[in-house]
1. Being over 11 Å from Thr94 (Cβ atoms) and under 13 Å from the mean Cα position of the chain (by Cα) is the filter here; which residues of region 19-35 pass it?
2. Mind checking whether some residue in region 75-84 is surrounded by 15 or more Cβ atoms within 10 Å (Cβ to Cβ), near the ligand (Cβ under 10 Å from one of its atoms) and either polar (S, T, N, Q) or part of a helix (DSSP H, G or I) (or both)?
3. Give Ala93, Ala23 a once-over and let me know the one that is at pLDDT 95 or above and more than 11 Å from the ligand (Cβ to nearest atom).
4. Working only within region 39-52, note down all residues that are hydrophobic (A, V, I, L, M, F, W, C), modelled with pLDDT of 95 or more and near the ligand (Cβ under 8 Å from one of its atoms).
5. Could you please give the count of residues in region 53-69 that are assigned to a loop (DSSP other than H, G, I, E, B) and more than 6 Å from the ligand (Cβ to nearest atom)?
6. Taking region 20-56 on its own, how many of its residues are of a type in the set (Lys, Arg), farther than 18 Å from Glu84 by Cβ and surrounded by 13 or more Cβ atoms within 10 Å (Cβ to Cβ)?
7. Mind checking which residues of region 38-47 are in contact (Cβ under 8 Å) with a residue 24 or more places away in the chain, within 15 Å of Ala93 (Cα to Cα) and of a type in the set (A, V, I, L, M, F, W, C)?
Amino acid sequence: MKRALSAIAVVAVICLVGSLAFAQDAANGEKTFKAKCVACHGADAAGKPAMKSPSIKGKTADDIQKVISTSAKHASLKSLKADEVKELAAYLATLK
Ligand code: HEC
């Protein structure tokens, strides 16, 4: 019984650390988003018809990486690091 309880405690701690790490990623991603994406995709990432930019809510790191490497509109974003892309995706996942 004691063992089961400590196993549960270990899992709980792992989950807590995991969700804190995700929250930190999302907070960093929000900063990058506000600095580099807001102008075209809008404050809530819903897209701007005037800029012909789509909503990017919930886009994954793969989606972002792909657009950065293929779209001329995103040529200035090629310097984003893999970590920054991951953080952006964590932030976009919080927007629904
Ligand atoms: C200069 C304006 C501009 C900026 C800055 C910009 N985007 Fe975009 N984005 C667009 C446009 C326009 C499209 C539509 C497809 C295209 O032209 O590439 C697009 C498409 C996308 C798509 C693909 C969406 C889909 O449905 O296929 C993603 C993902 C994306 N942008 C992410 C980002 C992220 C993340 C940033 C900031 C790091 C960013 N964009 C900054 C204009 C911009």
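1. Our first condition is that a residue be over 11 Å from Thr94 (Cβ atoms); within region 19-35, this holds for 19-21, 24, 28, 31-32, 34-35.
Answer for region 19-35, where residues must be over 11 Å from Thr94 (Cβ atoms) and under 13 Å from the mean Cα position of the chain (by Cα): Ala21, Gln24, Asn28, Lys31, Thr32, Lys34.
2. Residues of region 75-84 that are surrounded by 15 or more Cβ atoms within 10 Å (Cβ to Cβ), as a first pass: 77, 80, 84.
Cutting the leftovers down to near the ligand (Cβ under 10 Å from one of its atoms) gives us 77, 80, 84.
Narrowing further to those that are either polar (S, T, N, Q) or part of a helix (DSSP H, G or I) (or both): 77, 84.
Yes, there is a match, as at least one residue in region 75-84 is surrounded by 15 or more Cβ atoms within 10 Å (Cβ to Cβ), near the ligand (Cβ under 10 Å from one of its atoms) and either polar (S, T, N, Q) or part of a helix (DSSP H, G or I) (or both).
3. Working: Ala23 fails: at pLDDT 95 or above.
Result of the check over Ala93, Ala23: Ala93.
4. Correct list: Ala39, Cys40.
5. If we filter region 53-69 for residues that are assigned to a loop (DSSP other than H, G, I, E, B), which is where we start, we get 54-60.
Next, from what is left, pick out any that are more than 6 Å from the ligand (Cβ to nearest atom): 55, 57-58, 60.
The total comes to 4.
6. Within region 20-56, the subset of a type in the set (Lys, Arg) is 31, 34, 36, 48, 52.
Retained after the next criterion (residues that are farther than 18 Å from Glu84 by Cβ): 48, 52.
Going one step further and asking which of them are surrounded by 13 or more Cβ atoms within 10 Å (Cβ to Cβ), we end up with 48.
Residues in region 20-56 being of a type in the set (Lys, Arg), farther than 18 Å from Glu84 by Cβ and surrounded by 13 or more Cβ atoms within 10 Å (Cβ to Cβ): 1 in total.
7. Taking region 38-47 as the starting set, the residues that turn out to be in contact (Cβ under 8 Å) with a residue 24 or more places away in the chain are 40, 44-45.
Next cut, within 15 Å of Ala93 (Cα to Cα) only: 44-45.
Within region 38-47, just Ala45 meets the criteria.
The values are calculated or read from the model by the stated rules, or taken from the named source; none is laboratory data. Please read these numbers as outputs of a predicted model, since none were measured by experiment. Glycine also receives a Cβ, built like all others from the backbone with ideal geometry; neighbour counts cover every protein chain displayed.
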